[in-house]
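Colleague: After the structure tokens below, expect a handful of questions from me.
The values are calculated or read from the model by the stated rules, or taken from the named source; none is laboratory data. Keep in mind that what you see is a predicted model, and the values were worked out from it rather than measured. Methodologically, a virtual Cβ is constructed for each residue, glycine included, from the backbone with ideal geometry; neighbour enumeration extends over all protein chains shown. Note: areas computed on protein heavy atoms with side chains; ligands, DNA, RNA excluded. Shrake-Rupley method; radii C 1.70, N 1.55, O 1.52, S 1.80 Å.
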Amino acid sequence: MIDGLEIVRHPRARRARLSIDPASGRARLVLPKRAALKQALAWAEDKAGWIAEQRALLPQPRPFVPGAVLTVADEPLTIAWTPGSRRTVVREGSVLSLSGPSETIARRVEAWLKRTALAVLEAETHEYAAKAKVSVAQVAVGDAKGRWGSCASSGVIRYSWRLILAPSWVRRATVAHEVAHRVHMNHAPIFHALVEQLYGEDPTPARVWLRTQGAGLHWFGRSS
């Protein structure tokens, strides 16, 4: 059995299709609704070499460990741990300093990144909302694998906290995109025109960056 194989039956699938999720590294087997599972699994097993080749091309894990360097809002920060009882993560210039239990370093660094992301994204969201003359009910962060941001009709905007690890121009284009949905809940030409107006330049390069390099952000904090 292929390690981590996800099996999905799709009503519109006409044949078996195998792919690798670049954000998680999981293999996904999509099958027509009535396809024979045993035959499909055997076919997928024959593709084990291809799966290994594709996984070898994936981004490398970037665990949150002492000595690791993270680029946060365009600034490189080095994780530094020293013996002691202080559990709080403190930024000291270009260093993220902490002590406390070494086994909780990753969890505490991630929590710090989430708080930092929320503060930055909240400020930028309200900046663009004022420019668009719209209200935003709430800004929140999560860790969705399939999207970098979402805007609900209620006025709640959610982002992936991992945007704080992306270049700032990419993050801000994403914020402009979600704020523009407070005016147009679609992707019509008038919506894209508003995104460009809010952002101040063509957001296409930012979309391209997320499409081609965004998966690598999901490998931060992973050890394997």
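Colleague: Which residue pairs have Cβ atoms closer than 6 Å, lie 6 or more positions apart in sequence or on different chains, and pair a first residue in segment 38-63 that is of a type outside the set (D, E, K, R) with a second residue that is open to solvent by 50 Å² or more (accessible area, probe 1.4 Å)?
Modeller: 61/222; 61/223; 61/224; 63/223
Colleague: Within segment 166-192, restricting attention to residues that are more than 15 Å from the chain's Cα centre (by Cα) and among the β-branched types (Val, Ile, Thr), which residue is surrounded by the fewest Cβ atoms within 10 Å (Cβ to Cβ)?
Modeller: The selected residue is 190.
Colleague: Just for segment 193-223: of the residues that are among the charged types (D, E, K, R) and in a helix (DSSP H, G or I), which one is least open to solvent (accessible area, probe 1.4 Å)?
Modeller: Keep residues of segment 193-223 that are among the charged types (D, E, K, R), which gives 196, 201-202, 207, 211, 222.
In the following step, the residues that additionally are in a helix (DSSP H, G or I) were identified as 196, 207, 211.
On the way: 196: 85, 207: 101, 211: 170 Å².
The extreme case among them is 196.
Colleague: In segment 64-78, how many are surrounded by 17 or more Cβ atoms within 10 Å (Cβ to Cβ) and either outside any strand (DSSP E or B) or polar (S, T, N, Q) (or both)?
Modeller: Of the residues in segment 64-78, 2 are surrounded by 17 or more Cβ atoms within 10 Å (Cβ to Cβ) and either outside any strand (DSSP E or B) or polar (S, T, N, Q) (or both).
Colleague: Taking residue 148 as the residue in question, decide whether it is touching a helix residue (DSSP H, G or I) at 6+ places or on another chain (Cβ under 9 Å), open to solvent by 30 Å² or more (accessible area, probe 1.4 Å) and under 30 Å from residue 56 (Cβ atoms).
Modeller: Numbers: touching a helix residue (DSSP H, G or I) at 6+ places or on another chain (Cβ under 9 Å): yes; open to solvent by 30 Å² or more (accessible area, probe 1.4 Å): yes; under 30 Å from residue 56 (Cβ atoms): yes.
Yes, satisfied.
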